[in-house]
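**Q** Below is one structure. I have some questions about it.
What follows is calculated from the coordinates using simple rules that are stated; it is not laboratory data. Note that this is a predicted model, so its numbers are computed, not measured. Neighbour counts are summed over all protein chains in view; Cβ atoms, including those assigned to glycine, are modelled from backbone coordinates with ideal geometry.
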Amino acid sequence: MSAVEHRYQVRTREERYRGRIFDVVSEEVTMPGGGTAVRDYVRHVGAVAVVALDAAGQVVLIRQYRHPVGRHLWELPAGLTDVTGEDLAAAAARELAEEVDLVAGRLDVLVDLHSSPGFTNELVRVFLARELTDVPTESRHERRDEEADLQVVRLDLDEAVGMVLAGEITNASCVAGLLAAARARDAGWSVLRRADAPVPG
């Protein structure tokens, strides 16, 4: 029999910073035992990421500069869910085309993750993209800023998983997506969810 969970109620809220991608918020929250505590967190618009797997069993990875950590990281094609009215599968398809010039004939959900719930509410949905074709040259997205420096490679999925376990891939959605893709493949893809599956509440 499980214990009754405490209901954490917000008493006050103060927005300390408002930005295009995230806001910083302070909330006074009720604690077990009757007291309250202030919790600061980053309120994020959310994101999608894509494990693009080709017919040869290779996954498409990008190497991109990330300023907060001051170096290039191996990542999945990914981006923000910041287009009004765009569903998550459409956002994933857009990012796949913009970052690696690919179109997926099939999209499924691999995994949902809270990237760092100790300080942000960011939710990332990671899709599996298969039946890949190239975006026609004349229709390709012009990449700017850090995206102009993207390196795009294809690696065998098991090799990419090996890079995760060796500490060479540390981006959270990339780690989760690659491990989930390998597990889903080994299960004959039976564990995949539909592209429009509900997001965890």
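**Q** If you find the alpha carbon centre of the range 67-103 and of the range 170-189, how far apart are they in angstrom?
**A** The range 67-103 and the range 170-189 have Cα centres spaced 17 Å from each other.
**Q** Could you work out [θ]222 nm for the chain from helices alone, using -39500 (n - 2.57) per DSSP H run of at least four and dividing by all its residues? Round to the nearest 500 deg cm²/dmol.
**A** For the chain, the value works out to -6000 deg cm²/dmol.
**Q** Starting from a Cα-only point model with no solvent, please compute log10 I(q)/I(0) by Debye for the chain at q = 0.10, 0.15 1/Å.
**A** Log10 of I(q)/I(0), two decimals: -0.49, -0.98.
**Q** With springs only between Cα atoms under 10 Å apart, run a GNM on the chain and tell me which of Gly105, Gly167, Gly70 wobbles the most.
**A** Looking only at Gly105, Gly167, Gly70, the biggest GNM fluctuation is shown by Gly70.
**Q** Indicate the gyration tensor shape class of the range 65-106 (rounded, prolate or oblate), computed on the Cα atoms with a ≥ b ≥ c the square roots of the eigenvalues: a/c under 1.5 is rounded; otherwise a/b larger than b/c is prolate and the rest oblate.
**A** Oblate.
**Q** In the P(r) worked out for the range 67-160, what percent of Cα pairs fall beyond 20 Å?
**A** So the portion of pairs separated by more than 20 Å is 45 percent.
**Q** A further question follows. As an exercise, find the ratio Rg/Rh for the range 118-189 from alpha-carbon atoms, using the Kirkwood inverse-distance average for Rh.
**A** That ratio equals 1.01.
**Q** Let me ask something else about it. Please list, by residue number, every one of the chymotrypsin sites (Phe, Trp or Tyr not before Pro) in the range 27-132 that is coil in DSSP and has at most 10 other beta-carbon atoms within 10 Å.
**A** none
**Q** Mean separation of Cα pairs under 8 Å and 6+ residues apart, divided by the residue count of the chain: what relative contact order is that in percent?
**A** For the chain, the relative contact order is 22 percent.
**Q** If you don't mind, another one. Suppose a student asked you for the relative contact order of the range 111-201, using Cα pairs under 8 Å spaced at least 6 residues apart; what percent would you report?
**A** Taking the mean separation of contacting Cα pairs over the length of the range 111-201, I get 29 percent.
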